[in-house]
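Notes follow the structure.
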Amino acid sequence: MFEIVFLGTSASAPSIHRGLAAQVILAGEYRFLIDCGEGTQRQILRSGVGFKRLNRILLTHAHLDHILGLGGLVSTFARWENIGELEIWGGKATLDRVQALLFGVVLDFERLPIQIHLIDLKPGQIMDAKDFTVTAFPVTHRGSGNFGFIFQEKSRRPFLNDKAEALGVPAGPERGQLVKGETITLTDGRVIEPDMVLGDLINGVKLVHIGDTARTDNLREYVQDADTLVIESTFLDMDVQVARDFGHITAKEAATLAAEAGVKTLILTHVSRRYRERDVIEEARRTFPNTYVARDLEHYAIRRDKPAEKVDDPPSSDDDDAGDAGWLI
């Protein structure tokens, strides 16, 4: 199971009810911050997630509404939190901006006692933990070095305790070996193979996170059969040409991608304050009914073969930020 906490869900500029882009992915003992818009550290505190173990930051791209909160966050980490090292992953263009922000502004003046590792993202697997992997894949947006991320729980075969007991497999390391796919020999000479005590393969949970993107046709292979897809919905279909001009997609296009790729749950974010939330969700649900529009501080649990489930609700809001805000992208 994965969990995702939405810290900021607005596009380009904050609105009354929405902060700038940032989400926390919870994966067992690991925590990942995806993007870090201005005001993220305060949202972390408001969400109850806290800073502990939040030492891996994955950046989708270089635009300031997705990275400008890093300066304050790093300062807080170094001054108040017991985090000695921080990994920041991003494309080259993104890391160049982060380098200028942190080492040209924050660190030079404050000499913060924290080791920061800037890691140049390339397409492919970037982490292989015991129970899951994280993979980066290329995304088309304005500029170079834009990425989405796949959080994939490893498939497993459940251990059938009743069969093991019937075969006389003792409790202990022998059972661990069988789970690993190794054959064992019992004290009476009988050979026990994994297939004798393991059930059918169970696919792990797949969570796909995509930030800003200008197209969806090159994303289908990465999104295919995801339990949950998180993706932008900056524009409505009536403004599809403007979306193209600014390198974004519409709520309808996000929903179409989810429907065609066999996604189970779609969660839309990066919402423009030009639109009402109800209009965004209505447009998407006409194509893909199991769609949600994320709000700041919402917390979802992502389980295998089940719709994403809200763990708790954020503070209530009017949910109607729309106004003539201009094209904020």
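Here are the numbers:
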quantity	calculated
Residue in region 74-81 that is assigned to a loop (DSSP other than H, G, I, E, B), closer than 17 Å to Asn55 by Cα and modelled with pLDDT under 90 present	yes
Residue list for region 1-19, restricted to those being polar (S, T, N, Q) and at pLDDT below 95	Ser12, Ser15
Considering residues of region 164-178 that are touching a helix residue (DSSP H, G or I) at 6+ places or on another chain (Cβ under 9 Å) and of a type in the set (A, V, I, L, M) only, the residue surrounded by the most Cβ atoms within 10 Å (Cβ to Cβ)	Leu178
In region 21-56, the residues that are surrounded by fewer than 20 Cβ atoms within 10 Å (Cβ to Cβ) and among the hydroxyl-bearing types (Ser, Thr, Tyr)	Tyr30, Ser47
Set Leu95, Leu54, Leu70, Leu7: member being hydrophobic (A, V, I, L, M, F, W, C), under 15 Å from the mean Cα position of the chain (by Cα) and within 25 Å of Gln125 (Cα to Cα)	Leu54
Residues being exposed (fewer than 13 other Cβ atoms within 10 Å of the Cβ) and either closer than 11 Å to Ala27 by Cβ or touching a helix residue (DSSP H, G or I) at 6+ places or on another chain (Cβ under 8 Å) (or both) - total across region 118-137	2
Residue within region 106-117 that is exposed (fewer than 13 other Cβ atoms within 10 Å of the Cβ), part of a strand (DSSP E or B) and at pLDDT below 90 present	yes
Residue pairs meeting the criteria (Cβ under 6 Å; at least 6 apart or on separate chains; first within 22 Å of Glu309 (Cβ to Cβ), in region 239-267; second in a strand (DSSP E or B) and among the aromatic types (Phe, Trp, Tyr))	Ile267/Tyr292
Cβ pairs under 7 Å, 6+ apart, first in region 169-194 and under 17 Å from Pro158 (Cα atoms), second among the small types (Gly, Ala, Ser)	Arg175/Ala164; Pro194/Gly181
Residues located in region 144-168, provided they are touching a residue at least 24 places away in the same chain (Cβ under 8 Å) and either of a type in the set (Lys, Arg) or farther than 27 Å from Thr228 by Cβ (or both)	Ser144, Lys154, Arg156, Arg157, Phe159, Leu160, Lys163, Ala164, Leu167
Residues within region 138-163 that are crowded, with 18+ Cβ neighbours inside 10 Å and in contact with a strand residue (DSSP E or B) (Cβ under 8 Å, 6 or more places away or on another chain), tallied	10
Unmet requirement for Asp227, which otherwise passes all of (1) buried (at least 16 other Cβ atoms within 10 Å of the Cβ); (2) free of Cβ contacts under 8 Å to residues at least 12 places away in the same chain; (3) not hydrophobic (A, V, I, L, M, F, W, C)	(2)
Check on Ile210, crowded, with 16+ Cβ neighbours inside 10 Å, free of Cβ contacts under 8 Å to residues at least 60 places away in the same chain and within 20 Å of Gln152 (Cα to Cα)	no
Pairs, first closer than 12 Å to Leu20 by Cβ in region 59-80, second part of a loop (DSSP other than H, G, I, E, B) and among the acidic types (Asp, Glu), C-beta under 6 Å, six or more apart	His66/Asp35; Leu68/Glu38; Gly69/Glu38
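The values are calculated or read from the model by the stated rules, or taken from the named source; none is laboratory data. Given the structure is predicted, the values throughout are model-derived calculations rather than measurements. Cβ coordinates were reconstructed from backbone atoms using ideal geometry, including for glycine residues, and neighbour counts include every protein chain displayed.
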